[in-house]
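Enquirer: Let me give you the structure first, and then I'll get to my questions.
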Amino acid sequence: MKIVIATTPAPGHVNPMLGIARILLAEGHEVLAFTGRAFRERIEAMGATFRPIPASADQDIVDPFSKYPEFKTLPPGLDLLRIILERLFVDHIPAQHHGLKDVLEDVQADVVIGDDCFLGLLPMLLEPRSTRQPVVCFGTSILHWPREDGAPDFLGLPPAPSPADHSQTIQDYDRIVHQPLARRLNGYLEELGTKPLATPPFEAMVRMADIYWQLSVPSFEFARALPRSVKFIGTPPIIPNQASLPQWAADLDGKRKVVLVTQGTVANHDFNLLIVPTLAALAEEPDLLVVVTAGGRPVADIPGPIPANARLASYLPFDWILPRADVFITNGGYGSVNQAMSFGVPLVCAGLTEDKADVNIRVGWSGVGIDLRSNAPTPQAIRQSVRTVLDTDRFRRRALLMSEEFRGIDTRTEISSDIRRLSAHFGNREHAA
């Protein structure tokens, strides 16, 4: 079968896409990846076809905020959230849609796959099912579906008994984020000749996709009634050999506990938020080895001094480091958090931007780690949390239980069987017509 995968041009979206593409290629399918130019080499090296998204919808993966300097200066809050959702996702709908339309005119795709934030799929999803290809979406973030307590996404609100507990926040979110975003979004949809959306765009992706793969396990999501299309499929296997082992690899000899820390690849423009305070917090802990991955930035960008018990790398192969890690300190990237849980590694999380507050509240709620509820935690808070996770066993036990849940899902089989079933269903329908 011919499969087109449209993906937001950011590592947290492309990396799981590459994992999905490898599975499909191994099954003998033809795969075309429609995403940012920075990923062309990796896509073609695995045997898939690459098509670039329009330049206006692409981004610099080394400095993703280069187009939007206000992202660096505005404090976390509703105004920053609205601007991020507008600039990074909603404003790219026309370019993504037209680019994907051009691809589908050239490639007679049997199935189209897209990540949850590739909103250029919305015009296609709004078409009658009888006139479009089957569409699968995969969730690279928290599951965007209404909660029973009415709490909006992206704010990191813990579960509450009723919507009344979040009433003021819900009103503020509707006024500052939802209504302006809906007007902007529906303006683009009107220009494209499609009907407006009555629900938030990310919820619409869940609602309208023929199948929605959530890249996690049920225990990491708040309980509520979900559409039949939603399937938890674990996390795709980490692609091996994506980075070389560091020169100091032999230092991880089991004599000291390993603390892995990262700020990911998006919110790592300021290492003083998490990496620097972590190095300071654990510098005098002789039983610990602190391993830092800079998310692709040069390690020279990490401000000193660098403690003697620290080891630094621009990138690290996660399939190598996670089995050796005793705790993972992160600002809350959804993919890396799920990968850590799949290896049974407990977490300490601190991050409030993008979707990170919602990811981190789930870390604390599910018991797999500690959520510091901060975007810039103090060294004292980090040290206390790391020692709590390492010196008690409840977080490790809960993380190991979560890893068993991941092992209970055969991600490869779920993806392969869904694609075959979906293509057969739509093919039979077209034949009958």
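Rule-based calculations on the coordinates, nothing more; no lab input. Given the structure is predicted, the values throughout are model-derived calculations rather than measurements. Please note: Cβ atoms are built from the backbone with ideal geometry, for glycine as well, and neighbour counts cover all protein chains shown.
Enquirer: Would you please report the Å³ per residue occupied by the convex hull of the alpha carbon atoms in segment 112-161?
Expert: 97 Å³
Enquirer: So for each of 323-333, 157-167 I average, over its residues, the number of other beta carbons within 10 Å; can you give me the resulting order with the highest mean first?
Expert: Ranked by mean Cβ neighbours within 10 Å, highest first: 323-333, 157-167.
Enquirer: Once the mean 1/r over all distinct Cα pairs of the chain is inverted, what Kirkwood radius in angstroms do you read off? Kindly include the intermediate steps, with their values, before the conclusion.
Expert: Details: mean 1/r = 0.0448 Å⁻¹.
Evaluated on the chain, it is 22.3 Å.
Enquirer: Tabulate in residue order the Karplus-calculated ³J(HN,Hα) for segment 351-367, using 6.51 cos²θ - 1.76 cosθ + 1.60 with θ = phi - 60°, rounded to whole Hz; enter x for Gly and Pro.
Expert: x, 10, 8, 6, 9, 5, 4, 6, 5, 5, 5, 6, 4, x, 5, 7, x
Enquirer: Next up: In what sequence do Leu104, Leu289 fall when counting other Cβ within 10 Å, fewest first?
Expert: Numbers: Leu104 18, Leu289 23.
So the ranking, lowest neighbour count to highest, is Leu104, Leu289.
Enquirer: Fewest first, what order do Thr8, Thr131, Thr169 take by the number of other Cβ atoms within 10 Å?
Expert: Ascending number of Cβ neighbours within 10 Å: Thr131, Thr169, Thr8.
Enquirer: I would also like to ask the following. Using helices alone, what [θ] at 222 nm do you get for the chain, with -39,500 (n - 2.57) per DSSP H run of 4 or more residues, divided over all residues and rounded to the nearest 500?
Expert: It lands at -11000 deg cm²/dmol.
Enquirer: Give me the one-decimal nm value for the distance between modelled label points at Glu127 and Gln171, 7 Å along each residue's Cα-to-Cβ direction.
Expert: About 4.3 nm separates the two model spin labels.
Enquirer: Taking H placed 1.01 Å from N in the peptide plane, check which residues at least 5 places from Leu32 or on another chain put their amide H under 5 Å from its amide H.
Expert: Hits under the 5 Å cutoff: Ile3, Val4, Ile5, Thr49.
Enquirer: Net charge near Ser416, counting Lys/Arg +1 and Asp/Glu -1 over other residues with Cβ under 10 Å of its Cβ?
Expert: The answer is -1.
Enquirer: Between the alpha-carbon centers of segment 294-324 and segment 138-166, tell me the distance in whole angstrom.
Expert: 33 Å
Enquirer: Mind checking which lysines have their C-alpha under 20 Å from Lys72, skipping anything on the same chain fewer than 8 residues away?
Expert: Within reach: Lys356.
Enquirer: In percent, how large is the relative contact order of segment 299-416, given Cα pairs closer than 8 Å and 6 or more residues apart?
Expert: The normalised contact order for segment 299-416 reaches 23 percent.
Enquirer: Can you tell me how much longer the chain between Thr73 and Arg397 gets when fully stretched, taken as 0.36 nm per residue apart minus their C-alpha distance, in nm with one decimal?
Expert: 112.7 nm
Enquirer: Let me ask another. Fewest first, what order do Leu245, Leu422, Leu88 take by the number of other Cβ atoms within 10 Å?
Expert: Numbers: Leu245 14, Leu422 19, Leu88 22.
In order of increasing Cβ crowding within 10 Å: Leu245, Leu422, Leu88.
Enquirer: Sequence neighbours fewer than 8 away in the same chain don't count; with that in mind, list the aspartates and glutamates whose C-alpha is under 16 Å from Lys101.
Expert: Cα-Cα hits under 16 Å: Asp110, Glu127, Glu191.
Enquirer: Compute the Kirkwood hydrodynamic radius of segment 249-407, taking the inverse of the mean of 1/r over all pairs of distinct Cα atoms, and give it in Å to one decimal.
Expert: On the way: mean 1/r = 0.0658 Å⁻¹.
It works out to 15.2 Å.
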